[in-house]
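Please treat every number below as a calculation from the coordinates, not as lab data. The structure presented is a predicted model; accordingly, all values stated were derived computationally and were not measured. For neighbour counting, all protein chains shown are included, and Cβ atoms are generated from backbone atoms with ideal geometry for every residue, glycine included.
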Amino acid sequence: MVFKQIETQELPDIQSVGTIYEHVETGAKVLYLANDDSNKAFTIGFKTPPYNDNGIAHIIEHSVLNGSEKYPSKEPFVELVKGSLNTFVNAMTFSDKTIYPVASTNKKDFMHLMSVYLDAVFKPNFYDNAQILAQEGWHHHLESAEDDLIYKGVVYNEMKGATASPERQVQQHLTHQLYPNSIYRHESGGSPKAIPSLTQEEFVAFHQTCYHPSNSLTVLYGDIEEKETFAALEDYFSGAGKQSEKVNLSFEPTVPDDAVFEDTYSITAGDNPEGKDYLALGWHVSEPNDVLDMYGLEVLEKILFGNNQSPLKKALLDADIGGDIIGGVADFGYPTGFMITAKYSDASKMTRFKEVVQETLKQLMTEGIDEGLIDAALNKITFQTKEAAISEDNPRGVIYAINAYQSWLYDKSPYVNLQFSGYLKELGELAGKGYFEHLIKEKLVNNPLRTAVILKAEPGKSDQLEAESHQQLQEYKANLSKEEIDKMVAQTQELIKRQEAPDKPEDLAKIPTLTKEDLSTQVEEYPLTVIPFNEGTHFYQAEQFTSGIDYLSLYIDLKDVAAEEYQWLSLLSHLLGKLATEKYDVATLQRQKDLYTGGIYGKIDIYEDKAGQLQPYFILRGKSLESSFEELVSLLHEIVCHTQFDNKDEILKITQQLISNFERRINSSSHALAANRALSQVKSSAKLNERISGMDQFQFLKDIRADLQSDKSKEVTERIMQTVNGLLNKKRLNILYVGEKDRGVVVKEKLQAAFSELTSAELGEPAVIKPGAKQHEAYVTAQDVNYVAVASNANDKFDYTGAAKVLATAIRYSYLWNEIRVKGGAYGSLYNHQRTGQFALSSYRDPNIRKTLETYKGLPNYVAQMELSDSELLKYIIGTISPMEQPKSAFSKGLTAFNRLKTGVTREELVHLKEEILAVDSNALQMLNKGLNSVLEESTVVVIGNKAQIEIEKDLFDKVYELY
């Protein structure tokens with residue numbers, strides 16, 4: 001017997017049967033979650049405890065995908081993605097483990113993905129090729145003896161961006177203080193300071209220890225071919241033997257000393273640091289065997305921090321400890337922490353911060369928590385877990401694997417986080433018996449395993465550190481002999497040569513791929529019934545099986561609203577549902593939402609057809625179980641028609657939190673911000689999006705904050721009320737309902753009755769929306785890396801066709817991947833060409849600016865000279881079809897039906913597009929170079945990034961702004 005069955009268990013919460021197997025020879029564990037889900041998933045994970053901050057686990061995660069024994073091409077991962085119908089493919093490094101998950105609805109494709117990943121993790125090529133570590137991790141980069149010496153590497157630059165986030169720094173400091181003698185004190189992703197200490201010998205030794213079948217945990221999910229799948233595992237487990245020593249992750253928590261740890265983070269040079277400090281408290285609260293308490297702490301997080309009216313968050317905001325308060329459970333790996341962070345604070349408030357936390361928690365502990373708060377928190381989590389279990393948008397098999405690892409990695413049952421309903425039911429029974437008060441007492445108030453961190457804002461810190469690092473490198477170079485410098489230049493040139501060299505055709509041929517026969521031109525039709533609603537408006541019913549959940553969206557027509565109103569509308573979308581109404585104070589409203597719904601939120605969407613006509617909507621969305629539908633409608637009506645906007649203090653808190661959220665986006669998604677900013681100068685729809693959620697909105701929010709803190713606050717609240725009054729009109733209100741077919745009539749009638757009080761007024765003429773001023777812009781941040789975007793309006797220059805979509809795939813996974821990431825050292829790049837003419841290129845965590853822009857300019861020449869073999873072209877065709885085949889949840893299907901209607905996309909058009917994709921030949925792609933050239937010639941440039949680098953390249957820009 002190759003695999004022996006250990007145990008089998010029914011898992012009704014995830015509609016699966018779980019079976020644990022053990023490979024007899026190696027002891028490798030396999031969990032199979034069997035069900036009829038066609039979106040099959042495979043995840044193999046390894047315990048990978050870091051021993052310092054050199055990022056070894058993270059760099060190995062990158063490097064195993066750079067060629068293996070069976071698949072020796074330079075990057076089989078990229079080649080695989082080109083020719084796969086995957087629904088998910090990635091690799092992830094955590095503080096204690098590294099996992100490699102894939103998913104696909106195609107059985108042949110699933111086995112291809114699994115084969116490449118198994119060979120990658122067990123038989124990587126980097127043992128005998130140090131250039132892989134140099135490329136993915138770090139190397140001394142010196143193209144000529146006269147150049148300045150620099151560090152280069154994909155992970156090195158990725159982590160320069162990632163570790164710039166003050167929120168990440170706070171968590172890392174808390175972890176280090178709480179667990180000083182454990183693996184969790186280390187930055188598993190790698191610190192830019194420590195990454196250059198990693199050697200090839202360490203690299204190989206770590207892989208030999210951690211990437212052994214005995215140290216592996218595999219999760220299989222879905223409707224798989226069991227015999228074939230287990231045989232694939234056996235091919236790599238067999239002959240490995242059993243590892244003599246297990247990789248140990250356990251630890252004993254120690255009581256930290258009572259000192260407050262202090263450090264600084266960087267803000268832009270010249271920026272005022274006042275009011276920009278972070279204060280944080282952290283506790284060690286749980287371990288994997290504390291199953292009920294782990295779920296209880298999740299509920300407690302919602303009770304204490306679920307919204308601005310939650311008791312602990314409200315107490316801290318009212319005490320002016322910070323402008324934004326973030327708190328809750330932090331999963332570090334084996335230990336679970338509980339963190340509270342105050343943003344926009346001052347170091348001098350730390351003592352008061354601790355006092356307010358202790359006083360509030362003790363009050364809740366002694367006086368008791370309002371039962372309504374507990375019920376609301378339990379309902380919210382129960383709804384979320386029920387919805388996640390039926391959602392097809394996300395690869396459930398991958399999510400369940402990650403959940404299983406949380407306990408399985410530490411020799412506990414993998415089912416702990418897959419059997420949530422029983423624990424939630426038990427928590428509901430314990431709620432009135434003092435359980436949560438006891439949890440506060442034991443885990444927080446009387447818990448000695450705690451620490452505190454102050455992170456002060458320091459202007460120009462990143463620039464200073466970068467300058468010091470650069471100086472140290474030049475001093476290091478100055479002490480090298482001519483022979484050593486020549487050797488370094490030779491090594492750099494050899495690496496560049498490897499990066500530029502094409503793979504051998506015979507190596508590429510070894511990577512498994514699908515055929516055209518595996519592809520389909522079929523497009524699923526999603527039903528949408530359009531029924532008159534009120535005075536020219538409509539009720540849209542998308543009939544879907546939703547397991548008893550009603551999805552309701554109010555679509556308020558904005559087509560006659562001027563562009564300058566959208567910043568106010570965006571602010572309004574975030575205020576609705578968070579302020580008092582005529583019927584409810586804020587706290588009661590929040591409780592009602594959590595008790596009866598799965599959430600209510602506002603947003604603005606812009607629908608654009610191929611001719612450029614815009615249809616904007618202000619949207620308020622809600623969802624509930626069918627049994628709570630009347631409460632959902634009542635709450636939507638109360639929020640839309642009766643919200644009170646006279647509480648300037650509450651509006652100020654929300655505005656401050658929106659600014660805080662935007663700053664987090666700058667640290668994580670500046671490539672998207674830069675691309676949309678560039679598009680806003682050439683596309684009117686993008687200009688509206690810029691006002692809704694881009695840099696225009698960021699500046700608007702900061703202006704509103706200043707006004708609310710001054711004698712202009714009444715003007716702000718009156719302006720918001722004016723904006724609302726303009727929306728309360730029967731002739732604006734449309735409804736989208738996604739749910740069961742037989743409920744449509746009832747839903748429509750309930751909504752007509754609920755909103756019958758709205759007045760009727762004719763809408764004005766459609767507003768004329770113009771793009772912004774066309775100019776090249778740079779936005780300075782405190783980050784060490786850049787996000788480089790160009791954008792253009794491709795209409796009438798570069799048609800959106802099947803050939804153009806295949807070209808996008810080819811460019812993304814060949815030219816941009818190799819030039820921007822492999823050779824340039826950036827973490828990634830994107831190519832975006834839409835049906836509406838939007839065209840944008842962007843890079844992510846990029847050490848370059850000018851070089852990246854030159855790379856973009858070189859695209860047409862690359863396309864003109866591009867000669868693809870039939871097999872290469874087929875991969876790009878498959879990779880183009882793949883995103884069009886992604887599974888959708890019931891709600892997403894309904895939303896897609898509505899989107900197609902509003903943008904004029906028909907099923908026939910999509911079928912024709914697929915037919916064009918399948919018919920593409922290499923010559924058709926080459927012929928697109930002229931259109932691509934004309935688009936790039938008229939593009940605008942937007943860069944978000946490092947101040948010093950932007951200063952060096954300032955001749956590229958018409959305007960340079962300080963972002964934050």
remark   = With +1 on the Cβ of every Lys and Arg and -1 on the Cβ of every Asp and Glu, the dipole magnitude of segment 529-754 about its Cα centre, in debye rounded to the nearest 20, is 480 debye
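If you put +1 on each Lys and Arg Cβ and -1 on each Asp and Glu Cβ, how big is the dipole of segment 459-603 around its Cα centre, in Debye rounded to 20?
Result for segment 459-603 is approximately 360 debye, rounded to the nearest 20.
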key: 10 Å binning of all Cα-Cα separations within segment 909-964, expressed as whole percents from 0 upward   = 17, 26, 22, 18, 17
query = Considering every Cα-Cα pair within segment 659-815, what fraction, in whole percent, is farther apart than 20 Å?
reply = 71 percent
query = For the chain, with only Lys/Arg (+1) and Asp/Glu (-1) charged at the beta-carbon, what is the dipole magnitude about the Cα centre, in debye rounded to 20?
reply = 920 debye
message = With unit charges on the beta carbons (Lys and Arg positive, Asp and Glu negative) and the dipole taken about the Cα centre of the chain, which residue among Asn125, Ser266, Val416 sits farthest to the positive side?
response = Ser266
Under-5 Å amide H pairs with His538, H placed in peptide plane, nonlocal only = Phe533, Ile735
request  = Of the options Val920, Ile369, Ala563, report the single residue whose Cα projects farthest towards the positive end of the charge dipole of the chain (beta-carbon charges: Lys, Arg +1; Asp, Glu -1).
outcome  = Ala563
request  = Would you list which lysines come within 18 Å of Lys461, measuring only between C-alpha atoms, while excluding same-chain residues fewer than 8 positions from it?
outcome  = Lys160, Lys193, Lys276, Lys947
ask   = What does segment 757-820 give for Rg and for Dmax, in Å, if only its C-alpha atoms count?
value = 20.4, 60
task = Tell me what the chain gives for mean residue ellipticity at 222 nm when only DSSP H runs of n ≥ 4 count, each as -39,500 (n - 2.57), the sum divided by the residue total, rounded to 500 deg cm²/dmol.
result = -13500 deg cm²/dmol
query = Give me the log10 of I(q) over I(0) for segment 239-298 at q = 0.21, 0.30 Å⁻¹, as the Debye formula computes it from C-alpha points; what are the numbers?
reply = -1.01, -1.30
Whole-number D in µm²/s for segment 576-683 (Stokes-Einstein; Kirkwood sum over Cα pairs; 20 °C, 1.002 mPa s) = 130 µm²/s
task = Name the residues whose placed amide hydrogens come within less than 5 Å of the amide hydrogen of Gly137, ignoring near sequence neighbours (fewer than 5 apart) on the same chain.
result = Val154, Val155
Charge dipole (the chain, unit charges on Cβ, about Cα centre) - positive-most of Asn786, Tyr21, Asn729 = Asn729
key: Distance histogram in 10 Å bins (all Cα pairs of segment 775-962, percent per bin)   = 9, 32, 32, 21, 6, 0
message = Taking the beta-carbon count within 10 Å as an exposure proxy, list Arg591, Arg900 from fewest neighbours to most.
response = Arg900, Arg591
remark   = Computed on Cα atoms, Rg of segment 303-429 relative to 2.2 N^0.38 Å comes out at 1.27
inquiry  = Let me check against my output: what whole-number percent is the relative contact order of segment 775-962, with C-alpha pairs under 8 Å and at least 6 apart?
reply    = 47 percent
Rg to Rh, two decimals, where segment 106-163 supplies the alpha carbon set and Rh follows Kirkwood = 1.19
query = So between Glu429 and Asn479, what do we pick up on full extension, going 0.36 nm a residue minus the alpha carbon distance?
reply = 10.9 nm
query = Counting only DSSP beta bridges with both residues in the chain, what percent are antiparallel, rounded to the nearest 5?
reply = 80 percent
task = Can you spot the aspartates and glutamates whose alpha carbon is less than 19 Å from Lys610's alpha carbon? Ignore those fewer than 8 places along the same chain.
result = Asp796, Asp799, Glu908, Glu909, Glu916
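Could you tell me which of the pairs Lys623/Lys748; Lys425/Lys578; Lys152/Lys823; Lys152/Lys482; Lys823/Lys930; Lys70/Lys805 are separated by over 20 angstrom between their Cα atoms in the structure shown?
In this structure, Lys425/Lys578; Lys152/Lys482; Lys823/Lys930; Lys70/Lys805 lie more than 20 Å apart at Cα.
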query = Taking a temperature of 25 °C and a viscosity of 0.890 mPa s, what whole-number D in µm²/s does Stokes-Einstein yield for segment 274-329 with Rh from Kirkwood over alpha carbon pairs?
reply = 195 µm²/s
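Quick one: compute a quarter of the convex hull surface over the Cα atoms of segment 141-243 and quote it in nm².
11.6 nm²
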inquiry  = At q = 0.11, 0.15, 0.21, 0.22 Å⁻¹, what log₁₀ I(q)/I(0) does segment 433-581 have when each alpha carbon counts as one equal point scatterer in the Debye sum?
reply    = -1.06, -1.05, -1.42, -1.40
Given (i) 129, 88, 56; (ii) 81, 67, 62; (iii) 195, 72, 50, the label whose value is Cα extents along the principal axes in Å derived from this model = (ii)
ask   = In sequence order, what are the phi-derived ³J(HN,Hα) couplings for segment 599-616 according to the Karplus relation 6.51 cos²θ - 1.76 cosθ + 1.60 with θ = phi - 60°, rounded to whole Hz, with x for glycine and proline?
value = x, 9, 8, x, 6, 10, 10, 10, 9, 10, 8, 5, 7, x, 6, 9, 10, x
ask   = Using θ = phi - 60° and the Karplus curve 6.51 cos²θ - 1.76 cosθ + 1.60, what whole-Hz ³J(HN,Hα) does each residue of segment 15-28 get, with Gly and Pro shown as x?
value = 6, 9, 10, x, 10, 9, 10, 10, 6, 4, 5, 9, x, 4
request  = Report Rg(Cα)/(2.2 N^0.38 Å) for segment 529-754, keeping two decimals.
outcome  = 1.05
message = Based on C-alpha coordinates, I'd like the Rg and Dmax of segment 751-879, in Å.
response = 20.8, 66
key: Taking Lys875, Lys441 and counting other C-beta atoms within 10 Å, the order from fewest to most   = Lys441, Lys875
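If you count the DSSP beta bridges with both ends in segment 529-754, what percent of them are antiparallel, to the nearest 5?
85 percent
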request  = Please tell me the relative contact order of segment 529-754 in percent, rounded to the nearest whole number, where contacts are Cα pairs under 8 Å and at least six residues apart.
outcome  = 36 percent
key: Relative contact order (percent, whole number), the chain, Cα cutoff 8 Å, 6+ residue spacing   = 15 percent
query = In what order do Lys893, Lys497, Lys354 fall by count of nearby beta-carbon atoms within 10 Å, going from fewest to most?
reply = Lys497, Lys354, Lys893
